[in-house]
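Read through the structure below, which is laid out as structure tokens, and then see the notes.
The values are calculated or read from the model by the stated rules, or taken from the named source; none is laboratory data. Quick caveat: nothing in here was measured; it's all calculated off a predicted structure. Every residue, glycine among them, receives a Cβ derived from its backbone with ideal geometry; neighbour counts consider all protein chains shown.
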Amino acid sequence: MIHIIIVDDQQMFIDGIKALLVNVPEISVIGEALDGKALLKLLQRVKPDLILMDIQMPGINGIETTRIVHQRHPQIKILAVTSFNTKTYIRDILAAGATGYILKNTGQDELFNAIQALHRGESFFSAAVTQRYVGGQPATGQSGTDIPLELTEKETEVLRFVAMGLTSQEIGDLTSTSVNTVKTHRKSIFSKLRLKNSRALVKYAMDNGHMDQG
């Protein structure tokens, strides 16, 4: 059973998510909170496996709340659920401790897949979020600015985090992967993109529109 708390400043959204999850036998919503302060108080007596976290909330926003929860309860998985597909929000909440990021207009199946992936110790991102971070259009292999088709899904994920400036240890922590495995993925990425180091990779990402300045 996956025990979940939903955090959002809109009660209607909370009720909608609960309605989606009520008939899923492996998921139980054990709490809800309208802001970060209420969540921190709730966590004093309820311990979920996973939190669905809004970002823009009054008082303590979702990014700062995620940082506090991750420091106090590192075993709790945090999935950002927001309307905002911006690189700044994605980068900041992942750095704060979230391991997944989906949009509020996502479908029911993707929500279930995200919850299950995080519970297994994996990371999960909406397709639109992945495209936003990698940049441009999905890889086609027909343009020099596209991510080559031969990159695996895991290599693409590692590429995104390296371009964000995360270390191998931080990437490993976010993706529940060993540091050695992350380093193997990095080496493969550099080889396929014919780059020499992380600085060159970040420059490649910026030069080819895979990152912006905010």
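Before moving on, here are some points about what is shown:
- Close pairs (6 angstrom Cβ cut-off, 6 or more residues apart or separate chains): more than 10 Å from SER123 (Cα to Cα) and not assigned by TED's automatic domain parsing to the domain that holds LEU94 in the stretch 164-183, basic (Lys, Arg) and crowded, with 19+ Cβ neighbours inside 10 Å anywhere: MET164/ARG91
- Residues satisfying the stated conditions in the stretch 44-64, i.e. more than 17 Å from SER83 (Cβ to Cβ) and not in a loop (DSSP other than H, G, I, E, B): LEU50, ILE51, GLU64
- For the stretch 24-32, the count of residues that are surrounded by fewer than 14 Cβ atoms within 10 Å (Cβ to Cβ) and of a type in the set (Gly, Ala, Ser) is zero.
- The listed residue being under 22 Å from ALA117 (Cα atoms) and among the hydrophobic types (A, V, I, L, M, F, W, C), out of LEU52, LEU34, LEU40: LEU52
- Residue within the stretch 73-93 that is under 16 Å from ASP8 (Cβ atoms), within 15 Å of the chain's Cα centre (by Cα) and part of a helix (DSSP H, G or I) present: yes
- Qualifying residue in the stretch 187-195 (condition: at pLDDT below 80, over 25 Å from ASP92 (Cα atoms) and outside any helix (DSSP H, G or I)): yes
- Taken over the stretch 94-106, the residue count meeting the criterion of being part of a strand (DSSP E or B) and at pLDDT 90 or above is 3.
- Taken together, the residues in the stretch 114-127 that are within 13 Å of the chain's Cα centre (by Cα) and loosely packed, with under 15 Cβ neighbours inside 10 Å amount to 2.
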